[in-house]
Amino acid sequence: MATRQSVDQLLQQCEDAINLAQEQYKQAATQEHYTDGDFTNALQALEDAYNDLAKLAFSANAQQRDQLHRMRLQLQNVQNNMILLDH
């Protein structure tokens, strides 16, 4: 079973990845392709966080799975926005 601490740490990692991705999204929208490396790194951070969520969900209880699922949806939303950005 997943511990509360491990879930909280992962949720914090996800929030950090989302914040980084949103910053890179804003920069990419205004500066076009000048920071492609940072943009790609932000996408990778989102993907890593998403994969970690999927792994932890296997050992989580129902309430934790619900939290992880909601965070997964947030990650996917930010990831989709970044992918669809024409920069």
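List the residues, sorted by chain then number, that are 5 or more residues from Ala2 or on another chain and whose placed amide H is less than 5 Å from its amide H.
So Ala2 has HN proximity to Ala60, Asn61.
Rounded, prolate or oblate, given the Cα gyration tensor of the chain, with a/c below 1.5 counting as rounded?
It comes out prolate by the Cα gyration axes.
Could you calculate the FRET efficiency of Lys26 with Ala62 from 1/(1 + (r/R0)^6), where r is the beta carbon distance between them and R0 is 22 Å, rounded to 0.05?
0.05
Hey, if you put +1 on the Cβ of every Lys and Arg and -1 on every Asp and Glu Cβ in the chain, which of Gln63, Ala17, Gln5 ends up farthest toward the positive end of that dipole?
Highest projection toward the positive end goes to Gln63.
So how strong a dipole does the chain carry about its Cα centre when Lys and Arg Cβ are +1 and Asp and Glu Cβ are -1, to the nearest 20 debye?
Roughly 480 debye for the chain.
Nearest 500 deg cm²/dmol is fine: what mean residue ellipticity at 222 nm does the chain get from its DSSP H runs of n ≥ 4 alone, each adding -39,500 (n - 2.57), divided by its residue count?
-29500 deg cm²/dmol
Laboratory data are not the source of any read-out in this text; all were calculated from the coordinates shown. These numbers were taken from a predicted model, which means no experiment stands behind them. Note: ideal-geometry Cβ built from the backbone for every residue, glycine included; neighbour counts use all protein chains shown.
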